[in-house]
Amino acid sequence: MPSLDVNGIRLHYEDAGAGPVLLLLHGWGTSGRVWTSCLPDLVRDHRVVTLDWRGCGRSDHPAEGNTIDGVTADLVTVIETLGIKPTVVGSSIGGVFATELALARPDLVERVVAVGSPGYWPATGMLDKVQDLRKRLVDDRVGTLEGWVPNWFAPGVPRGLVDWTIRQLLDSGPYIDELFTECTTYDPRPRLKDLQTPITYLHGELDAEIPLEVPRSCAAETPGARVHVFAGCGHLPHQENPRAFTAALREIA
């Protein structure tokens, strides 16, 4: 399996296709496999790099470095090692990583696409929920995920997709739970006016985790930002409606 040695750990990645470069970042605890349904379409005219960020999937699961800054530093090394300047597409907290990368190193990023990104919401609209999740993941990880993950998807999504997502989460390391604690104080809005990289917010109309007011509020703070809403989708539109997702992404990148 292809991997990179990054800041003392091994990160799994996959690299296929040719053309404008996309770097796809999954959400908390899943893996690069979440983009599987999108890949056959995207690799027709893009070079697509999918990454399992630290603590997740097939990458190493270290006890250290599981912070927004830590993952962002990993992304800098990955991009420089591969010699690319990608459009960085981040799902959920992956959208936070993509935004922070563009704020810190705009020279490395062509544009940002934040998919269902939580923005400031864990620190404001869902603070109690995040703090409770942090505790319950310690006490009953399996039961907590079984009760929480179905809420990520719009009604009617096949149960198999929910179960597959839970299996990925259980395969990832528990040390990434530290990101929940950090997110309770995270709010990018004061710095978004300084974002030099074009950004588009893609969001599911029925996202029960992160309401539409979040990308709209963030876009209002960001020069030139756009918001695209997927009808009938929840928190993971790239998995729920990959055809609509790849069509929207192709218009951007």
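When the chain is treated as a Gaussian network with alpha carbon springs shorter than 10 Å, the biggest mean-square fluctuation among Thr99, Thr185, Thr67 belongs to Thr185. Report the residue, chosen from Gly95, Gly232, Gly19, that carries the largest GNM mean-square fluctuation when the chain is represented by alpha-carbon nodes joined by springs under 10 Å. The residue that fluctuates most here is Gly19. Taking every DSSP beta bridge that has both ends in region 3-252, the antiparallel portion is near 25%.
Each Cα pair under 8 Å and six or more residues apart adds its separation to the average, and for the chain the resulting relative contact order is 21 percent. For the residues Val142, Val227, Val96, a GNM of the chain with alpha-carbon springs under 10 Å puts the largest fluctuation on Val142.
Where a number appears in this text, it was derived from the coordinates with a stated rule and is not lab data. All figures in this text were calculated on a predicted structure; none of them were measured in a lab.
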